[in-house]
Amino acid sequence: MQNKLLDMGIKELRDEIAAGRVKSISAVEAVFESIENREALIGAYISTFKERAIAKARETDSKVAAGEKVGALAGVPIALKDNICSDFGATTCGSRILENFCSPYNATVVEKLSAADAVIIGKTNLDEFAMGSSTENSGLKQTFNPWDTSRVPGGSSGGSAAAVAADMCFGALGSDTGGSIRQPASFCGVVGLKPTYGRVSRYGLVAYGSSLDQIGPITKTVTDAALMLSVIAGHDERDSTSVDESQAAVDDYPGGIDEAVDGLKIGMVTKFNEGADQGVRSAIEAAIEVYRKMGAEIVEIEMPYFDYSIAAYYMIATAEASSNLARYDGVHYGHRTAKPKDYIEVYSKSRQEGFGKEVKRRIMLGTYALSSGYYDAYYLKALKVRNLIRGDFVKAFEKCDCIMMPVSPTTAFKVGEKTDDPLKMYLSDIYTIGVNLAGIPGVSVPCGFDEGGLPVGLQILGPAFGEAKLLRIARMYESQSQWGKKKATVI
Amino acid sequence: MADLEYKVIVGLEIHVHLRTATKMFCGCELAYGQQANSRVCPVCLGLPGSLPVMNKKAFEYSVLAGLALNCEIAKFTKWDRKGYYYPDLPKNYQISQYDLPFSEHGYIEIPVGGGQVKKIRITRAHLEEDAGKNTHTSGNYSQVDLNRAGTPLLEIVTEPDMNSGAEVRAMAVELQRIVRYLGISVGDMQKGHMRFEPNINLIITKDGKEYRTPIAEIKNLNSFRALEGSVNYEVVRQLDEFERTGKVMVEGNKTTRGWDDAGRQTVLQREKEEASDYRYFPDPDLLPVVMTDEWLLEITERLCELPLKKQMRYVADYNLSEYDASVLTGERANAEFFERVVKAGAEPKRVCNLLTQVGLKVANARGCGLVELGLKENDVAKLAKMIEGGDINASAGDRIMQEMMASEKGPGQIARELNLIQKSDAGELEVFVEAVLAENEKAVEDVRSGGKKSKAARGFLLGQVMQKTKGRANPKVVSEILNKKLN
């Protein structure tokens with residue numbers, strides 16, 4: 001039996017700590033006990049900060065004891081995906097090229113978490129530079145699925161999702177460029193939210209595809225995701241692409257979370273479901289049935305350009321990545337080759353030694369797409385497709401409040417199953433990628449298990465900056481189901 | 001040689017450092033000559049996760065330059081990444097503007113002597129960030145200083161409209177005056193605030209046929225002397241090369257050359273222009289800039305009369321020489337000081353003499369501007385009027401001007417205290433004239449004889465009167481009395 005504290009959600013734990021009934025230090029100790037027991041099996045963390053976490057927990061506990069006001073995440077142990085910069089520990093991005101890189105500054109989200117009195121306990125594993133769907137592309141370690149340790153946790157935020165699912169933290173931040181929050185959340189049976197592009201500051205998130213990247217929470221419940229979003233959301237003057245709050249206000253996400261949406265209209269594309277495995281389809285259909293019983297209307301919508309999203313995504317994301325990753329050159333920081341014969345070799349060998357296979361593949365794809373003579377045919381065309389996909393969603397939301405579909409066509413696959421076939425791996429992102437191209441928010445909610453006992457995620461999408469309503473819709477289902485309460489087999 | 005004619009064709013690419021307080025995309029202080037890597041932050045170091053934020057002031061400065069160069073200002077402009085690997089470029093891409101620069105299609109007027117101007121067309125002007133600086137020491141390593149990385153850099157590209165080294169120089173001088181007038185750049189060439197890269201070739205007509213020599217681009221010139229010298233050197237070199245080899249311009253045979261300042265010659269750097277692929281694409285970290293009518297109007301209101309226009313107005317309206325006008329308009333603050341004095345009612349030519357012959361001399365010696373000499377516009381105007389009205393003579397005026405810089409007293413008081421008020425009273429002066437005539441009979445005779453010596457003798461007598469009055473006699477009045485007495 002594990003420590004009962006670990007069964008709490010973030011909101012509950014925070015309120016108990018703030019009321020002085022539970023000590024933050026107890027929660028931190030419980031989490032580290034869990035990490036000590038399970039990390040060898042799961043491999044969720046690249047680094048942990050036990051001493052620092054204990055100090056921070058004590059600080060919060062004494063604040064509470066002194067009757068001082070504490071933040072929205074007071075004393076709650078939280079993990080960070082290791083592509084989010086922190087001025088403590090390393091920020092590796094799961095890459096050998098940054099294995100020993102220590103950021104001198106904090107990402108805006110880290111500052112916001114700290115200001116809310118959260119306790120950052122460690123940094124989680126990921127596909128190198130967030131490129132991948134299984135966390136197998138990490139250059140530093142392997143992470144396994146807490147429901148079946150022969151399987152992947154999904155990716156790229158696999159470490160964060162696994163840590164939440166295995167009660168090795170209460171909540172975590174991930175980043176989502178093409179599904180990297182939602183898909184691992186789905187594979188690990190937890191909640192994952194990708195906010196609208198521009199809702200959360202990217203300052204300090206190591207860039208992969210700058211026009212697609214967005215930080216978001218991975219939690220055990222929808223309410224917790226709402227709470228974490230309320231802490232990290234908002235304009236940041238250091239990120240020009242974070243949206244001005246006069247144009248899109250930050251709502252009180254946890255505030256109205258339990259209010260059901262009246263006359264809910266759910267948009268669906270029948271053929272999307274048909275493309276998924278039987279286990280996934282059944283779970284999704286059952287979930288839709290739950291909504292129907294709550295009075296929701298199902299509307300068939302059309303997404304004519306959706307099929308092109310993978311092609312467009314792998315042009316845009318890789319093009320941006322090829323430029324974003326140019327800075328890792330062995331000159332200023334990070335891995336530098338041992339004996340370069342000239343400065344060209346500092347570049348070529350440092351990069352050759354530091355980057356993994358998938359990162360190199362995407363850099364080459366992106367470099368090609370941006371090359372003179374190819375730019376119009378690839379990059380520019382992909383941007384046009386992106387606009388069409390965006391248009392698909394805008395039109396769809398005229399007819400419905402949200403769109404539902406699977407997160408992934410399959411449940412968690414076996415470690416090594418798809419590593420030899422990158423294209424197959426890319427295709428598994430079919431349901432998640434369009435959301436990033438359109439910049440809209442999407443959430444993955446646990447909606448049952450397949451015949452093998454592996455979690456299935458229901459994906460719910462909403463219009464831009466509609467997180468408040470989106471989370472309420474997700475919460476409607478969660479309140480009628482018990483899936484999220486089931487513990488991963490590792491526990 | 002006799003049947004050979006040629007025309008020099010030069011286009012310029014100019015980089016100007018803007019004088020904002022902070023860098024183009026971060027809050028680091030813009031400073032020169034500081035300890036290496038002391039003015040850096042995660043953004044200009046290109047650290048993982050950092051993001052650029054546009055310096056609005058730098059953009060406005062650039063638009064101001066674009067307006068002064070008569071360019072069309074784009075309603076919509078964006079930022080692009082220009083990718084290339086170099087140790088002084090921390091992100092290995094430079095944030096620049098590619099296909100939608102903020103301004104295009106302008107021109108600059110340059111003086112070409114005799115009050116004439118010539119229009120040099122501006123192809124485009126765009127804004128970008130500067131790179132850092134690599135230092136290659138004798139050891140087996142190089143050092144990188146990133147203090148300069150991220151400095152706002154205005155790039156101006158002209159059409160090949162200049163036809164001599166002198167014109168290229170005039171263009172550079174004029175541009176320097178403009179950016180200084182607008183206050184958008186310190187424009188100090190030695191500090192690298194302005195760097196010039198001329199593209200030079202010749203159109204040679206020989207035996208009725210036209211030939212174009214291969215273009216040479218001279219990199220990174222940072223003095224007017226080097227700029228003009230390099231163009232002049234290239235003309236000779238390219239003529240010589242053409243005569244020896246007959247080589248003409250073809251695709252890809254543009255060369256890159258450097259300037260050897262000591263040897264006063266250009267030196268080959270790269271034989272063939274490499275077709276570099278910078279893989280430009282729009283920077284997803286920055287929002288496009290939309291120029292609204294209101295914003296443009298706000299910037300337009302910050303424009304001022306440009307130096308060349310001012311200079312020509314001084315010649316036309318104030319009857320100043322072109323030289324004096326160019327000296328007065330050299331710096332905006334000086335010109336505006338001059339204009340304030342004139343506005344106070346003084347005669348422009350007199351003011352000009354006082355300012356150029358006394359004021360600017362002192363200012364230059366002190367390394368400061370006219371406005372820093374402690375002169376009040378009204379006092380200078382008064383002084384000019386006193387000279388004009390004959391209360392004092394010109395040399396007394398210079399002396400009073402000197403005194404005014406060191407005291408709070410007005411010119412009238414100084415003149416009285418130093419006893420410099422001219423004697424203009426005819427009755428009083430007649431006594432002095434009579435005395436001088438009595439003492440110098442020989443000279444009086446010479447004048448009256450009307451011979452060769454007459455003019456000199458008259459001057460001598462005038463000088464004697466001035467001496468007797470200790471220089472305070474009004475020479476005009478004395479001269480009139482002399483005329484009356486001697487004729």
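A few points about this structure:
- Peptide B:85-94 - average C-beta neighbours from other chains (10 Å radius): 5
- When the Cα gyration tensor is reduced to axis lengths a ≥ b ≥ c, the ratio a/c is 1.5 or higher for the range A:173-267, and with a/b not above b/c it is classed as oblate.
- Cα-Cα separations in the range B:118-163 greater than 15 Å, expressed as whole percent: 62 percent
- Per residue of peptide B:52-62, the mean number of Cβ atoms on other chains within 10 Å of the residue Cβ is 1.
- Diffusion coefficient, µm² s⁻¹, Stokes-Einstein with Kirkwood Rh over alpha-carbon pairs of the range B:292-418 at 10 °C and 1.306 mPa s: 103 µm²/s
- Dipole in debye (nearest 20) - the range B:426-486, about Cα centre, beta carbon charges: Lys, Arg +1; Asp, Glu -1: 300 debye
- Label sites at A:VAL299 and B:GLN265, each approximated as a point 7 angstrom past Cα along Cα to Cβ, lie 7.9 nm apart.
- Cα-centre dipole for the protein assembly as shown with unit charges at Cβ (Lys and Arg positive, Asp and Glu negative), debye to 20: 2060 debye
- GluC sites (Glu not before Pro) restricted to the range A:1-109 and DSSP loop, no more than 12 other C-beta within 10 Å: A:GLU68
- Projecting the Cα atoms of A:THR411, A:ALA185, A:ILE97 onto the dipole axis of chain A, where Lys and Arg carry +1 and Asp and Glu carry -1 at the beta carbon, places A:ILE97 farthest toward the positive end.
- Gap separating the Cα centres of the range B:127-162 and the range A:1-77, nearest whole Å: 50 Å
- Rounded to the nearest whole angstrom, the semi-axes of the ellipsoid equivalent to the range B:4-294, taken from the Cα gyration tensor as √(5λ), stand at 33, 23, 18, largest first.
- In straight-distance terms, cross-link reach from A:LYS341 covers every one of the lysines whose alpha-carbon lies under 29 Å from its own, apart from those fewer than eight places away in the same chain; here that gives A:LYS349, A:LYS357, A:LYS360, B:LYS82, B:LYS91, B:LYS133, B:LYS219, B:LYS272.
- Cα gyration tensor shape of the range A:224-269, rounded if a/c is under 1.5, else prolate or oblate by comparing a/b with b/c: prolate
- Of the peptides A:387-399, B:446-458, the order by per-residue mean of other Cβ atoms within 10 Å, starting with the highest, comes out as A:387-399, B:446-458.
- Convex hull volume of the range A:249-294 per residue (C-alpha atoms, cubic angstrom): 131 Å³
- Rg(Cα) / (2.2 N^0.38 Å) computed for the range B:41-90, rounded to two decimals: 1.49
- Fraction of alpha-carbon pairs over 21 Å apart in the range B:228-324 - percent: 69 percent
- The range A:51-121 - Kirkwood radius from inverse mean 1/r over Cα pairs (Å): 12.9 Å
- Neighbours of A:GLY484, meaning other residues whose beta-carbon lies under 14 angstrom from its beta-carbon, give a summed charge of +1 when Lys and Arg score +1 and Asp and Glu score -1.
- A:THR124 long-range amide H proximity, modeled H, under 5 Å: A:ILE46, A:LEU80, A:LYS81, A:ASP82
- Relative contact order of the range B:339-419: 31 percent, from C-alpha pairs under 8 Å at least 6 residues apart in sequence.
- Here chain B yields Rg over Rh of 1.12, to two decimals, using C-alpha coordinates and the Kirkwood radius.
- Whole-Å semi-axes of the ellipsoid equivalent to the range A:92-141 (Cα gyration tensor, √5λ, descending): 24, 13, 9
- Greater than 25 Å apart at Cα, pairs in B:LYS310/B:LYS343; B:LYS310/B:LYS361; A:LYS63/A:LYS194; B:LYS23/B:LYS78: A:LYS63/A:LYS194
- Given charges at Cβ of Lys, Arg, Asp, Glu: chain A dipole, positive-most of A:SER240, A:LEU80, A:GLY442: A:LEU80
- Tensor-based shape of the range A:333-491 (alpha-carbon gyration tensor, a/c under 1.5 rounded, otherwise prolate or oblate): oblate
- B:LYS423 long-range amide H proximity, modeled H, under 5 Å: B:ALA473, B:ASN474
- Under Karplus coefficients 6.51, -1.76 and 1.60, residue-wise ³J(HN,Hα) of the range A:40-57 in Hz, glycine/proline x: 4, 7, 9, x, 7, 9, 8, 8, 10, 10, 4, 4, 4, 5, 5, 4, 5, 5
- Residue ranges A:403-411, B:343-351 sort as A:403-411, B:343-351 when ordered by packing (mean number of other C-beta atoms within 10 Å per residue, highest first).
- Relative contact order of chain B, defined on C-alpha pairs under 8 angstrom at six or more residues apart (%): 13 percent
- A:ARG151 long-range amide H proximity, modeled H, under 5 Å: A:ASN145, A:VAL415
- Taking every DSSP helix (H) stretch of at least 4 residues in chain B, weighting each as -39,500 (n - 2.57) and dividing the sum by the residue count yields a mean residue ellipticity at 222 nm of -12000 deg cm²/dmol.
- Computed from the alpha carbon positions, the gyration tensor of chain A leads to an equivalent ellipsoid with semi-axes of 31, 29, 21 Å, biggest first.
- For the segment B:38-48, counting C-beta atoms of other chains within 10 Å of every residue's C-beta and taking the mean gives 5.
- Only helical runs count toward this figure. For chain A, summing -39,500 (n - 2.57) over DSSP H runs of n ≥ 4 and dividing by all residues gives -11500 deg cm²/dmol at 222 nm.
- Taking the average, over residues, of other Cβ atoms within 10 Å as the packing measure, peptides A:352-364, A:285-297 rank A:352-364, A:285-297 from highest down.
- From phi via Karplus (6.51, -1.76, 1.60), per-residue ³J(HN,Hα) for the range B:225-233 in Hz, x at Gly/Pro: 4, 5, 4, 5, x, 5, 5, 4, 5
- Dipole size of the range B:22-159 about its Cα centre, with +1 on Lys/Arg Cβ and -1 on Asp/Glu Cβ: approximately 100 debye, rounded to the nearest 20.
- Whole-Hz ³J(HN,Hα) from phi, Karplus 6.51 cos²θ - 1.76 cosθ + 1.60, for the range B:321-327, glycine and proline x: 6, 4, 5, 4, 4, 6, 5
- Calculated diffusion of the protein assembly as shown, Stokes-Einstein form, Kirkwood radius summed over Cα pairs, 20 °C and 1.002 mPa s, µm²/s: 64 µm²/s
- 10 °C / 1.306 mPa s Stokes-Einstein diffusion coefficient of the range B:51-163, Kirkwood radius on C-alpha pairs, µm²/s: 99 µm²/s
- In the range A:39-130, chymotrypsin sites (Phe, Trp or Tyr not before Pro) in a DSSP loop with at most 14 other beta-carbon atoms within 10 Å: A:PHE88
Coordinate-derived values only; no laboratory data. Model, not experiment: these values are computed from the prediction. All Cβ positions, even for glycine, are placed from backbone atoms using ideal geometry, and neighbour counts span all protein chains on display.
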